[in-house]
1. Just need a number here: residues in the stretch 35-57 that are surrounded by fewer than 14 Cβ atoms within 10 Å (Cβ to Cβ) and under 11 Å from the mean Cα position of the chain (by Cα).
2. Residue 67 is checked against (1) surrounded by fewer than 13 Cβ atoms within 10 Å (Cβ to Cβ); (2) in contact with a helix residue (DSSP H, G or I) (Cβ under 7 Å, 6 or more places away or on another chain) and fails just one. What number does that condition carry?
Amino acid sequence: MQKWKDNVGIEIVQRLHGTCIINNADKGMIVTTSFFTEPAKDEHKKIATKMELVDFTKFKDWLSRYK
């Protein structure tokens, strides 16, 4: 777990993807109370089957469903 004060960038998406490959993980997930940069979203499109990105909007939706 790590805290960012800015939007999550491409390097974080790439780092987690690499970690998933090394550890033979089925899927990785990044959850943030912030948002993702456009380059991070573009990178995610290339590897979407192996990665889920959850930004503030989606996180709020999760919370409202499980209240």
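1. Adding up the residues that qualify gives 2.
2. Of everything listed in (1) surrounded by fewer than 13 Cβ atoms within 10 Å (Cβ to Cβ); (2) in contact with a helix residue (DSSP H, G or I) (Cβ under 7 Å, 6 or more places away or on another chain), residue 67 misses just condition (2).
Each row is one residue, and each column tells you yes or no for (1) of a type in the set (Ser, Thr, Tyr); (2) at pLDDT below 95; (3) touching a Leu at 6+ places or on another chain (Cβ under 9 Å).
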| site | (1), (2), (3) |
| --- | --- |
| 9 | no, no, no |
| 21 | no, yes, no |
| 31 | no, yes, yes |
| 40 | no, no, yes |
| 53 | no, no, no |
| 59 | no, yes, no |
| 66 | yes, yes, no |
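The values are calculated or read from the model by the stated rules, or taken from the named source; none is laboratory data. From a predicted model like this one, the values you see are computed outputs, not experimental measurements. Because the Cβ atoms are built from the backbone with ideal geometry, glycine has one as well, and the counts that use them run over all protein chains shown.
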